[in-house]
Amino acid sequence: MIILEDVHYSYDGVYTALRGISLQVDDGERFAVIGANGAGKTTMIKHMNGLLRPQKGRVILDGQDTKFMSVAEIAREVGLVFQNPDHQLFLDSVKKEVEFGLRNIGFTESEAEQRRQKTLASLGLEGFAERSPFTLSGGERKRVALASVLSTEPRFLALDEPTIGQDAHQKNQLAQMLAEMNKRGRTVVVVTHDIEFVIENFPRTVAMADGQIIADGSTSMVLSNDEVIERCALAPPQMTLAARALRNVFPEVGQRLTLLSELEETIIGILGGA
Amino acid sequence: MALIEFADFSFKYLGADSLALKRIKLTIDEGEYVVITGPSGCGKTTFCRAINALVPQFHRGYVAGNVYTDGKNTRENEVATFASVAGLVFQNPENQLVTLDVEKEIAFGPENLGVAPNEIRRRVEELIELLDLEELREKHPHEMSGGEQQRVAIAATLALKPKVLVADEPTSNLDPQSAEAILKIIAHLNKRGMAVVLVEHRLDLVAKDASRIILMNKGRIVADGNPREILAMDLCEEIGVGVPKATQVYKRLRTRGVELGTVPLTGVELAELVQEATSR
Ligand SMILES: Nc1ncnc2c1ncn2[C@@H]1O[C@H](COP(=O)(O)OP(=O)(O)O)[C@@H](O)[C@H]1O
Ligand SMILES: Nc1ncnc2c1ncn2[C@@H]1O[C@H](COP(=O)(O)OP(=O)(O)O)[C@@H](O)[C@H]1O
Ligand SMILES: [Mg+2]
Ligand SMILES: [Mg+2]
């Protein structure tokens, strides 16, 4: 379990990027963190693996105050994938990049190789092992950064905007991998602007604005809060806009349609069956 | 003369084992709004780089065929020639900003091209107005949000008065409202006559602005045409393109025998089509 307790953080001593964050992350859950650019999402998630340390407040990992733990100790439990892969990748081949972390936590050479192959395949990166990360496309680089952390399968996975530059198919692949790991008991925290990705994959959502948590609860509850929509700079999903426009003409259309299949059935209903 | 012409152009990066672009043949005319989409790694960024000669002059490799941008062969003219024809905007604005304030950032490009100081002043003021940057004049880039940085990066690109804006996933680091604001600006620039080539995965956001969608897969162009026609094709799902939700509903209804006539691109269009269908 990770507990953030009244965490404050400022980069420059003038602007306070986190202003009293309190959050409990239970073992085995998965949730999304949303918020406008600059809300403090990256700053918060970096506190979870000890990359940043609270200037006020505490971060508690499995009952232990992380003040007394090294980054390496925390990182063994909490794996973080950076928003910008350029800040994470530093070796000259994809293979080395992914095996580095695995060897580091004690996997043998052959185990590391096996895990590396499996993870690269699940992320659609077969055949990339010998490539230099610097010659990859943006989306491929992002997936290598994901692979280097996902392959180690730490107890806590913290992913900062993992869907950037990914197409629909790759997003599904990633969602599936995260769901499998979650089923095996891993805890998954994802920062994202992709509301459909959130709705489809995460039961809990934490909304941030101006360095604070403004809502925390079930995804459907958090996303139906108008203040959240406004302050997190969200755009209503097209499905919501469709439902709203339909409701103006057909009052029988329900208040909260989010799923594609629901909208489909509603339209069939309006048109008097197929 | 076409603004951009790919004449059977192929490219393989040095050290890569397959072609990043395979026999690309197409033309893009002035005033078009072209969205390029396709799976990650299919060659979209390489396509953008080929428009302004970064491929093959900066990123080297094996080349066949030619690209003509504004009539000039990208293999035979210096990269600098193309800076004032095709303005490139990238995914990560923080990697693109070079100076410490907005005015200097906008002036940087034209200064390097030796544009007269009076003219530079004029462009700076015009762009600050057009992109709504007044409040950012005094700010350093790292004090700006991602959306603000991207507006500054676009202004800096436009300062060179390009004929075409080439934007490679310009909103993928932005929150939805900042992304919409950037896309509105791009649509506005297009209405004022600037050609746009935009790489984007989230077609929900851009299909309605585009005059044309080009689908790429494995270095090839696999479909090219009107957004409604292209998005109605099953090929989109096959190669993993994010078809707008409203279009997906249309397709699902179609398989159940409900034909809405036109292909909707937005939720509101979908609702209108349903309403029309009931009053028939
Ligand atoms: N390295 C840094 N130096 C100074 N300020 C920073 C730095 N990184 C982030 N900030 C500021 O801290 C605030 C929160 O940033 P961040 O956590 O990156 O937000 P988010 O991830 O939600 O977009 C923003 O105002 C940002 O400008
Ligand atoms: N500098 C480079 N060196 C070698 N291969 C590259 C380089 N840049 C991109 N590639 C390869 O070229 C292909 C197309 O990449 P890119 O145009 O960036 O794709 P996209 O933008 O569609 O994601 C990919 O397979 C990628 O790995
Ligand atoms: Mg961030
Ligand atoms: Mg790209």
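Throughout, read-outs are computed from the coordinates displayed, never taken from laboratory work. Computed from a predicted structure; not experimentally measured. Cβ: placed from backbone, ideal geometry, glycine included. Neighbour counts: every protein chain shown.
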The Rg/Rh figure for segment B:4-227, Cα atoms and Kirkwood Rh, to two decimals is 0.96
Rounded, prolate or oblate for the protein assembly as shown? Axes are the square roots of the Cα gyration tensor eigenvalues, ordered a ≥ b ≥ c, and the cut-off for rounded is a/c under 1.5.
rounded
Across peptide B:266-279, how many C-beta atoms of other chains are within 10 Å of each residue C-beta, on average?
6
FRET E, pair B:Ala7, A:Asn172, Förster distance 41 Å, beta-carbon r, rounded to 0.05:
0.65
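Can you tell me the order of A:144-155, A:79-90 when each peptide is scored by its average per-residue count of other Cβ atoms within 10 angstrom, highest first?
Working: A:144-155: 22.7, A:79-90: 18.8.
Those peptides, ordered most packed to least, come out A:144-155, A:79-90.
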What FRET efficiency do you get for A:Phe90 and B:Arg280 if R0 is 51 Å and r is their Cβ-Cβ distance, rounded to the nearest 0.05?
0.25
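What are the equivalent ellipsoid semi-axes of segment A:8-52, built from the alpha-carbon gyration tensor (square roots of five times its eigenvalues), in whole angstrom, biggest first?
Details: eigenvalues 87, 30, 16 Å².
Equivalent-ellipsoid dimensions as semi-axes: 21, 12, 9 Å.
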Once you have the Kirkwood Rh of segment A:117-175 from its Cα pairs, apply Stokes-Einstein at 37 °C and 0.692 mPa s and quote D in µm²/s.
278 µm²/s
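Given the -39500 (n - 2.57) contribution per DSSP H run of 4+ residues, what per-residue ellipticity at 222 nm results for chain B, rounded to the nearest 500 deg cm²/dmol? If you can, show how the numbers build up before the last one.
Details: 12 runs with 108 residues, N = 280.
It comes out at -11000 deg cm²/dmol, rounded to the nearest 500.
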Going through the DSSP H helices of chain A, which span 27 Å or more along their own axis at the Cα atoms while scoring at least 1.6 as a mean Kyte-Doolittle hydropathy?
none
Cross-link pairs beyond the 22 Å C-alpha cut-off, checked among B:Lys208/B:Lys251; B:Lys184/B:Lys245; A:Lys96/B:Lys44; A:Lys46/B:Lys44; B:Lys72/B:Lys163; B:Lys12/B:Lys163
A:Lys96/B:Lys44; A:Lys46/B:Lys44; B:Lys12/B:Lys163
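So for segment A:184-246, what are the equivalent ellipsoid semi-axes in whole Å, largest first, each being the square root of 5 times an eigenvalue of the Cα gyration tensor?
Values: eigenvalues 88, 51, 18 Å².
Equivalent-ellipsoid dimensions as semi-axes: 21, 16, 10 Å.
Given a Förster distance of 25 Å, report the FRET efficiency between B:Gln57 and A:Phe134 from their Cβ-Cβ distance, rounded to the nearest 0.05. Walk me through the intermediate numbers first.
Details: r = 18 Å, r/R0 = 0.74.
Efficiency computed from Cβ-Cβ geometry: 0.85.
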With equal scatterers on the alpha carbons only and no solvent term, can you work out the Debye log10 of I(q)/I(0) for chain A at 0.09, 0.10, 0.16 1/Å?
-0.47, -0.57, -1.24
Which shape class, rounded, prolate or oblate, goes with segment A:32-158 when its Cα gyration tensor gives a ≥ b ≥ c as root eigenvalues, a/c under 1.5 marks rounded, and past that a/b bigger than b/c marks prolate?
oblate
Which one, B:Leu205, B:Leu158, B:Leu215, has the greatest fluctuation when you compute a Gaussian network model over chain B with C-alpha springs under 10 angstrom?
B:Leu205
Going by average Cβ neighbours within 10 Å, how do the peptides A:192-204, A:66-78 rank, with the highest at the top?
A:192-204, A:66-78
Cβ-based net charge around B:Val243, under 9 Å, with every Lys or Arg adding one and every Asp or Glu removing one:
0
Hits among lysines - C-alpha to C-alpha of B:Lys104 under 19 Å, sequence gap 8 or more where chains match
B:Lys139, B:Lys161
Neighbourhood net charge (9 Å Cβ-Cβ; Lys/Arg +1, Asp/Glu -1) for B:Leu21
+4
Averaged over B:232-244, number of beta-carbon atoms from partner chains that fall within 10 Å
2
Roughly how many nanometres apart are two label points built 7 Å out from the Cα toward the Cβ at B:Lys161 and B:His142?
3.6 nm
Counting only other chains, what is the mean number of Cβ atoms within 10 angstrom of the Cβ of each residue in peptide B:169-179?
6
Place the peptides B:87-93, B:69-75, A:103-109 in order of packing, highest mean first, counting for every residue the other Cβ atoms within 10 Å and averaging per peptide.
B:87-93, B:69-75, A:103-109
Cα to Cα, under 18 Å, and not fewer than 8 places away if on the same chain: which aspartates and glutamates meet these conditions relative to B:Lys191?
B:Asp29, B:Glu30, B:Glu32, B:Glu126, B:Glu129, B:Asp132, B:Glu180, B:Asp209
Counting helices only, and only those DSSP H runs with n ≥ 4, report the 222 nm mean residue ellipticity of chain A as the sum of -39,500 (n - 2.57) divided by its residues, in deg cm²/dmol to the nearest 500.
-12000 deg cm²/dmol
